[in-house]
There are 2 protein chains.
Amino acid sequence: MSKSAGREGVLFVVSAPSGAGKTSLCRELIDRFSDLRQSISFTTRQKRYGEQDSVDYHFVSQPVFQGMVDEGQLAEWAEVHGNMYGTSLEVLRQGAAEGIDLLLDIDCQGAAQLKKNYRQGVFIFILPPDLQELEKRLRGRDTDSEEVIRRRLQNAEQEISQAGWYDYLVVNDDFQIALEQLSAIVTAERNRASRNKALLDSFLAMENE
Amino acid sequence: MSKSAGREGVLFVVSAPSGAGKTSLCRELIDRFSDLRQSISFTTRQKRYGEQDSVDYHFVSQPVFQGMVDEGQLAEWAEVHGNMYGTSLEVLRQGAAEGIDLLLDIDCQGAAQLKKNYRQGVFIFILPPDLQELEKRLRGRDTDSEEVIRRRLQNAEQEISQAGWYDYLVVNDDFQIALEQLSAIVTAERNRASRNKALLDSFLAMENE
């Protein structure tokens with residue numbers, strides 16, 4: 001697409017069951033597309049050593065976060081282990097207006113909330129090759145107890161059974177193939193006519209100059 | 001995507017103003033994707049030397065073609081220089097059911113008819129970088145009269161002004177970039193969740209085996 005044409009920015013939302021390889025795929029995708037940025041969430045949790053405000057998270061107080069919730073400023077939010085995490089609607093809208101593409105790595109519940117509040121997002125679900133392979137990968141990590149692994153597998157099954165509403169499915173069997181498919185989705189969505197209305201206008205304006 | 005998952009075949013419909021480079025791009029795309037086939041049209045025109053039935057066209061008589069029109073068997077059809085050309089709905093539906101991806105290179109009017117009769121198609125419009133460059137390319141061919149070039153430019157302008165309904169826009173400024181974008185659209189559309197319903201089902205079936 002022509003850079004001058006004023007394309008709308010795209011929000012790419014990526015979810016996956018634990019162990020499907022989402023984090024590595026998202027990291028590689030950000031590396032590959034210099035103009036694709038990680039979306040930065042708001043959180044009430046304490047800043048950890050080495051973390052930077054507005055880089056890792058926007059760190060805010062509980063009352064500030066609650067104010068954002070009350071005023072409908074969040075496209076999605078959730079409480080995890082007593083801390084709040086959320087995505088600002090304003091940041092998403094501003095990104096779209098400024099032609100900035102954002103990548104948001106988020107769980108299925110968060111993605112479902114976003115789908116309601118920000119329908120123009122592109123929703124991608126990453127799948128393991130099959131559940132046996134997922135179990136193998138979870139065990140291979142060697143960090144989780146049997147109980148945690150069992151729970152993750154049950155969650156995975158439930159998430160997969162509900163993933164039909166996503167726009168795209170990507171199977172992470174071969175990592176490079178999955179990365180190519182994700183990259184293709186980014187490139188294709190940038191070429192969507194609905195995000196490039198200014199491009200057609202620019203042709204006709206040119207003619208009348 | 002997993003091959004065993006029984007993905008639905010996709011119809012890719014490509015239109016462009018004359019001189020935008022559609023024919024070369026489609027040829028390269030077919031070369032690149034061994035499993036993407038050119039859609040074969042029905043026609044009443046005489047077979048030319050070297051042409052093969054069911055390879056270049058399905059050659060049929062005027063009464064047979066008219067019968068297809070009358071019975072609503074054509075997803076689009078048009079008369080060009082006294083000959084009829086059309087695309088069979090049945091062929092498209094069969095391709096979708098069998099997981100075969102088809103590429104149809106067709107003018108804007110044909111594409112608009114198809115959009116009405118076969119909405120699940122993926123509609124791509126190829127643009128020249130600008131109208132000045134299009135004029136240069138048309139003159140560079142050195143085969144058309146001034147009158148023909150003028151008419152082509154007027155048509156181009158009209159087609160571009162009406163291209164907003166297409167799913168994707170691809171600017172053919174740098175040929176390789178345009179080809180990458182087209183390829184990305186093919187790959188991304190193959191990953192659409194709506195065409196891969198069997199994939200999610202296969203996960204849950206597996207679990208219950």
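Taken together, the values in this text are just the output of simple stated rules run on the coordinates, not laboratory data. Keep in mind that what you see is a predicted model, and the values were worked out from it rather than measured. Here Cβ is always computed from backbone atoms with ideal geometry, including for glycine, and neighbour counts include all displayed protein chains.
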Seminar exercise, completed: Mean per-residue count of partner chain Cβ within 10 Å for A:190-200 equals 6
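With each run of n ≥ 4 DSSP H residues scored as -39500 (n - 2.57), what mean residue ellipticity at 222 nm is computed for the protein assembly as shown after dividing by its residue count and rounding to the nearest 500 deg cm²/dmol?
-14000 deg cm²/dmol
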Exercise. Using Cα pairs under 8 angstrom and six or more residues apart, how large is the relative contact order of chain A, in percent?
Worked result: 34 percent
Exercise. In whole Å, what is the distance between the alpha-carbon centres of the range B:168-209 and the range A:134-209?
Worked result: 10 Å
Exercise. Rg and Dmax of the protein assembly as shown, using alpha carbons, in Å: what are they?
Worked result: 24.7, 80
For this session: Neighbouring Cβ atoms within 10 Å as the yardstick, rank A:E71, B:E90 fewest first.
Result: A:E71, B:E90
Exercise. Taking square-rooted eigenvalues a ≥ b ≥ c of the alpha carbon gyration tensor, is the range B:79-128 rounded, prolate or oblate, where a/c under 1.5 means rounded and, failing that, a/b exceeding b/c means prolate?
Worked result: oblate
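For the range A:97-209, what does the alpha-carbon gyration tensor say about shape, rounded, prolate or oblate, given a ≥ b ≥ c as the root eigenvalues, a/c under 1.5 as rounded, and a/b over b/c as prolate? Write out the running numbers ahead of the final one.
Details: a/c = 3.58, a/b = 2.46, b/c = 1.45.
Judged from the Cα gyration tensor, the range A:97-209 comes out prolate (a/c at least 1.5, a/b above b/c).
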Problem set entry | Most fluctuating residue given options B:K47, B:K22, B:K115, as computed from a GNM of chain B linking Cα atoms under 10 Å | B:K47
Exercise. So which residue, out of A:F42, A:F65, A:F175, gets the largest mean-square fluctuation from a GNM of chain A using Cα contacts under 10 Å as springs?
Worked result: A:F175
For this session: Arrange the following residues from fewest to most other Cβ atoms within 10 Å of their Cβ: B:E79, B:E8.
Result: B:E79, B:E8
For this session: Could you check what % of the DSSP bridge pairs in the range B:7-207 are antiparallel, to the nearest 5?
Result: 30 percent
Exercise. Which of B:L102, B:L182, B:L138 moves the most in a Gaussian network model of chain B with Cα springs under 10 Å?
Worked result: B:L138
Exercise. How far is helix A:131-141 tilted, in degrees, relative to the longest principal axis of the Cα atoms in chain A, given as a value from 0 to 90 rounded to the nearest 10?
Worked result: 70 degrees
Exercise. With a ≥ b ≥ c the root eigenvalues of the C-alpha gyration tensor of the range B:7-207, is it rounded (a/c under 1.5), prolate (a/b larger than b/c) or oblate?
Worked result: oblate
